[in-house]
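Undergrad: Here it is, the structure in full.
The values are calculated or read from the model by the stated rules, or taken from the named source; none is laboratory data. From a predicted model like this one, the values you see are computed outputs, not experimental measurements. Cβ placement follows ideal geometry from the backbone for every residue including glycine, while neighbour counts extend to all protein chains displayed. Side chains are part of the model used for accessible areas, which takes the heavy atoms of the whole protein and leaves out ligands, DNA and RNA. Shrake-Rupley method; radii C 1.70, N 1.55, O 1.52, S 1.80 Å.
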Amino acid sequence: MSFSSLSEYLSSLGDIEKEYTLRFISFMEKEHPELKVRISFSMPMWWVKEKMKDGYVGVSASKSRFTLHFSSEAFTRSVEKERPDLKYGKQCVSIGYKNEEDYLFLERKALSFLSSNDSLKPL
């Protein structure tokens, strides 16, 4: 399914999926207010510059998993070394719902990724 707005995306989610997505959106608004959420590849994403290739964090939610997407496969692999018990894709990390420790881990990893991204540093 393709979405053109955040409200469309959110309205497609069930209760738990929406709860986690809104929680992460609030987290990003608090921690990185300079980054604006946008829909790209049918999911909420935060691009660090004008182009997606400069770095991004995205989020998607399915019935059984909450997933963060990173623009760096190398970063995802480093996360996998730290927490091999989670589910991984090429550039994403997924957790089940109702595990606060895993959710907070993903928040920390998002901050770590963004703070290590040279695109966010002032010139």
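Undergrad: Would you please name the GluC sites (Glu not before Pro) within segment 5-93 that are DSSP coil residues with at most 13 other C-beta atoms within 10 Å of their C-beta? List each step's numbers first, then the result.
TA: Numbers: sites: Glu8, Glu17, Glu19, Glu29, Glu31, Glu34, Glu50, Glu73, Glu80, Glu82; in loops: Glu34, Glu50.
Answer by residue number: Glu34, Glu50.
Undergrad: Separate question: Can you list which of the trypsin sites (Lys or Arg not before Pro) found in segment 4-37 are DSSP loop residues with at most 16 other C-beta atoms within 10 Å? Don't skip to the answer; put the middle values down first.
TA: Values: sites: Lys18, Arg23, Lys30, Lys36; in loops: Lys36.
Sparse-neighbourhood loop trypsin sites (Lys or Arg not before Pro): Lys36.
Undergrad: Could you give me the ³J(HN,Hα) list for segment 101-114, computed from phi with Karplus coefficients 6.51, -1.76, 1.60 and θ = phi - 60°, whole Hz, x at Gly and Pro?
TA: For segment 101-114, the Karplus-derived couplings read 4, 5, 4, 5, 4, 5, 4, 4, 5, 4, 5, 4, 4, 5 Hz, x marking Gly and Pro.
Undergrad: If you place +1 on the Cβ of every Lys and Arg, -1 on the Cβ of every Asp and Glu, and leave all else neutral, what size is the dipole of the chain about its Cα centre, to the nearest 20 Debye?
TA: On the way: 19 positive and 18 negative charges, 59 e Å.
That gives the chain a dipole magnitude of about 280 debye.
Undergrad: Now for a separate question. Along the positive direction of the dipole of segment 3-116 (beta-carbon charges: Lys, Arg +1; Asp, Glu -1; about the Cα centre), which of Gly55, Ser115, Ser11 reaches farthest?
TA: Selected residue: Gly55.
Undergrad: Hey, how many Å between the Cα centroid of segment 36-65 and the Cα centroid of segment 75-110?
TA: Result: 16 Å between the Cα centres.
Undergrad: Work out the count of Lys pairs in the chain where the Cα-Cα distance is under 17 Å, with the pair 8 or more places apart or on different chains.
TA: Within the chain, the lysine pair count is 18.
Undergrad: How large is the accessible surface per residue of the chain, computed with a 1.4 Å probe and reported in Å² as a whole number?
TA: Details: 6900 Å² over 123 residues.
Here the per-residue accessible area is 56 Å².
Undergrad: Once R0 is set to 25 Å, what does the formula 1/(1 + (r/R0)^6) return for the Cβ-Cβ distance between Ser116 and Glu50, expressed as a FRET efficiency to the nearest 0.05? Don't skip to the end; give the middle numbers.
TA: Working: r = 20 Å, r/R0 = 0.79.
So, using R0 = 25 Å, E works out to roughly 0.80.
Undergrad: Also, I was wondering about something else. How much of the accessible area of the chain, probe 1.4 Å, is carbon plus sulfur, in whole percent? All intermediate terms of the calculation are to be shown ahead of the outcome.
TA: On the way: 3580 of 6900 Å².
With neighbouring chains kept in place, the figure for the chain is 52 percent.
Undergrad: Another question about this same structure. Note down the magnitude of the dipole of segment 17-59 about its Cα centre, charges +1 on Lys and Arg C-beta and -1 on Asp and Glu C-beta and zero elsewhere, to the nearest 20 debye.
TA: On the way: 8 positive and 7 negative charges, 26 e Å.
The dipole of segment 17-59 has a size of about 120 debye.
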